[in-house]
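The next block holds one structure in the form of structure tokens; read it before the comments.
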Amino acid sequence: MINLGPQYYRPPFPINKYWKNDLIKIKDSGFNCLQLWVMWSWVEAKPGKFNYDDYDRIVDYAEDNGLNVVLSTIAEIHPYWIHRVVPDCELVTNNGIKVISENRNECHNGLTPGGCFDHPEVWKRMSGFIHETALHYAERKNIAGWDAWNELRWNVQAEAPVCYCKHTVKKYREWLEERFGNLEKLNTEWIRRYDSWEDVMPGKHTYRPFTSTMSFAHFLTCRSNKHAEDRYKIIKELHPDKVVTVHGPSPCEMMIAGDGIDQALNRGNDWAIADRLDGIGCSNFPAWFNMFNTDYTLCMEMIHSAARGKKFWVSELQGGRSNYGFGVHNSVRAIDQQRWLWNSISSGVDTILFWCWRDEVFGSESDGFGFIGNDGFSGERIKAMQKTGKLLSKHSDLLDNYAPSGAEVGVMFSPQTYYLYWSQEHSAAKPLTSIRGFCKALIRKSIPFKIIEEEHLSELKGIKILFLPRMTAIDGKTAKVMKDFVRKGGTLFCEAETGAWDSCGIFRYPEDRFPAVLSGVIEIGRRKVPENPAFTAKFAGKSYSLKSSHLLSPWEASKGEVLAKFAEEKASMLSQFKIGKGKLLLCGTYLGDEYDKECYPDFENLIQAMIEDAGANTGEIRISAETKYDFNSYVYAKYGKSNGKNVVFVFFPKDCGLAKLTFPERFWPGDKVKDIFTGKELPLRTAGKTKQLALEAGDIGISILTE
């Protein structure tokens, strides 16, 4: 059954007088498990002495109440003795300054960031704690799984870019040697003349040469991937039949840096981590961060795409009102929380863990996040969760075996482009915005899609159209795959300056970029966006008014079919070319950026028309409903199969009470469907080669339809 539970214990909160009754109430609230933070700083307060007494009591209480337990090994919160017992193990900033560790604001016990895990003695002691914890719980029957690394934290409170200690620099050089083979090849790719590996230093700061800044950011990603794998192996050896995952604070695409401290993607790459582990998860606090419905769905699509059939967890989901400081923050209403929960399940989630059961009591997060917290809405949350718990139990066979439908539409995610933008701008916000715009349009249209990561191009199998939003950095291997994709029948949508830099950060002239090689036309150079950024494109006999953003880089109009002209010169803002069996679409700006700011129908409709023209699936369900037009107000459908039967999840916005759904006649075998959320049987009306359903939103705006 899908694991559903709250995070309960981050020692020393809550204190033991609450434990017994709390676990009874957790069970009564519809949950079937709970999560415990097993903190290194708490368990091994004295070197070599491990104390699990409090955790053991809670695990016992959980077993008494029929609750399973997810254990999270919090090895990133270091014991107070770490710097005394392991001298000279501090993280080092880009300016050569040792980082002073201290308590983390909301965690209360232990040091952050502690010692560098590249230091052999730090890792020996850290891995020893993880091993001891896995060994201690090896025989417990109610352990549901492990979250081996919380939010992939390693540099929190470093207060400057890290780590530049001798141990990390040594590993960086080893990584470069493994990647390039030898120093001569590095010199060739970077166009430099290093005499020794000892001369190769990490990029110190942004606004410096792209080569070394991009490569060091890439190294830090790979370093986190490897650290996740190292933690996983320790636990998996002792718990081979248990799921072991890790999770970031968000999908990795959201890890854009921008604070002057972090490097883009420095907490790892979800795709690479999922390669090595049993799955991948993420945290999500939608009310805290004022997320639109599209944004939450996008997070689920990102993590599901990265998992690629492995386990997919929502490792922290907002339980109650957020809090940071002394203000009044957004409360969590049951109707919203249930939408997040079932949206996750519709995307194929295996485990949902809420942060947290009680309101917190330490630091700036005090009085916040409790599922039974003091925001006035705990009663409605409990009532709704009790219903959900019963549904998960009653329909466990259906929901446990559910898998979302496959996609024929892909949206590319390029870590190398993130490193490039971070190297120049302290942030990868621009490529994220471009990706987000395309994905949100697909979500509002309920069109199935998946994110394709540039080092996992085998996922292109079955994809008929691929969008490359702002993919400005591309290596030669990826460029070859893109060319082959088009020639073999795929449709490829490229934006301005696609492949203008290679993965080492070296600029390519327009004629050397792969879209120019394919099409025979080049970009004429950057142009400023005019005061009125709109332009008109014609595609498949229809006109679309579009908006440009940031910059224009129009294309020559000497070949191909011009779909949108560039007014000032003989150039094109949008053209299409037949290449081999496929098609290439070249756009001279970044269309997703303006859409991400404010949705508008012509962009959505053009994207859908391109998908249809490519012969790709735009979804089995057509939806008609009267709603406002924004990123919250739309009826969204997600569907898949369970045990050979179709299952459809439908989500209504708060301002819509009725929708008409149209399905292909073959989709439903009978003349009725059942909504397992309400328990009602609903009649289908046959209309030509379709079946139609008039669906009411109900009290909470969720329906789950099946045969």
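What to note about this one:
- Where strands (runs of 3 or more DSSP E) sit wholly within segment 635-707, those with at least 3 residues that are over 23 Å from P448 (Cα atoms) occupy 680-683, 685-687.
Condition check ((1) under 27 Å from E90 (Cα atoms); (2) assigned by TED's automatic domain parsing to the domain that holds V314) across all residues:
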| residue | (1), (2) |
| --- | --- |
| F117 | yes, yes |
| S127 | yes, yes |
| I143 | no, yes |
| V169 | yes, no |
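- So W154, is it in a loop (DSSP other than H, G, I, E, B), aromatic (F, W, Y) and touching a residue at least 40 places away in the same chain (Cβ under 8 Å): yes
- Selection over segment 85-124 of residues that are of a type in the set (A, V, I, L, M, F, W, C), crowded, with 20+ Cβ neighbours inside 10 Å and closer than 20 Å to Q263 by Cβ gives a count of 5.
- A single entry from S414, S427 fulfils the requirement of being touching a residue at least 12 places away in the same chain (Cβ under 8 Å), buried (at least 24 other Cβ atoms within 10 Å of the Cβ) and not assigned by TED's automatic domain parsing to the domain that holds M255: S414.
- Count of residues meeting criterion [surrounded by fewer than 23 Cβ atoms within 10 Å (Cβ to Cβ) and in a helix (DSSP H, G or I)] in segment 305-321: 0
- Scanning segment 594-616 for residues that are buried (at least 19 other Cβ atoms within 10 Å of the Cβ) and part of a loop (DSSP other than H, G, I, E, B) yields C599, A614, A616.
Residues checked against (1) part of a strand (DSSP E or B); (2) of a type outside the set (G, A, S):
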| residue | (1), (2) |
| --- | --- |
| S344 | no, no |
| F369 | no, yes |
| N374 | no, yes |
| E380 | no, yes |
| Q386 | no, yes |
| M412 | yes, yes |
| P431 | no, yes |
| A441 | no, no |
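- Filtering segment 279-293 to residues that are within 24 Å of D147 (Cβ to Cβ), in contact (Cβ under 8 Å) with a residue 40 or more places away in the chain and under 16 Å from the mean Cα position of the chain (by Cα) leaves G279, G281, S283, N284, F285, P286.
- Criterion violated by R470 - all others in (1) at negative phi; (2) crowded, with 24+ Cβ neighbours inside 10 Å satisfied: (1)
Residues checked against (1) out of contact with any Lys or Arg (no Cβ under 7 Å at 6 or more places or on another chain); (2) over 26 Å from G348 (Cα atoms); (3) outside the structural domain of F603 (by TED's automatic domain parsing); (4) surrounded by 19 or more Cβ atoms within 10 Å (Cβ to Cβ):
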site: V361; (1), (2), (3), (4): yes, yes, yes, no
site: S364; (1), (2), (3), (4): yes, yes, yes, no
site: G373; (1), (2), (3), (4): no, yes, yes, yes
site: S393; (1), (2), (3), (4): yes, no, yes, no
site: L420; (1), (2), (3), (4): yes, yes, no, yes
site: L432; (1), (2), (3), (4): yes, no, no, yes
site: C439; (1), (2), (3), (4): yes, no, no, yes
site: I443; (1), (2), (3), (4): yes, no, no, yes
site: I447; (1), (2), (3), (4): yes, no, no, yes
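The values are calculated or read from the model by the stated rules, or taken from the named source; none is laboratory data. Predicted model only: the values in this text are computed from it and were never measured. Neighbour counts run over all protein chains shown; Cβ positions are idealised from the backbone, glycine included.
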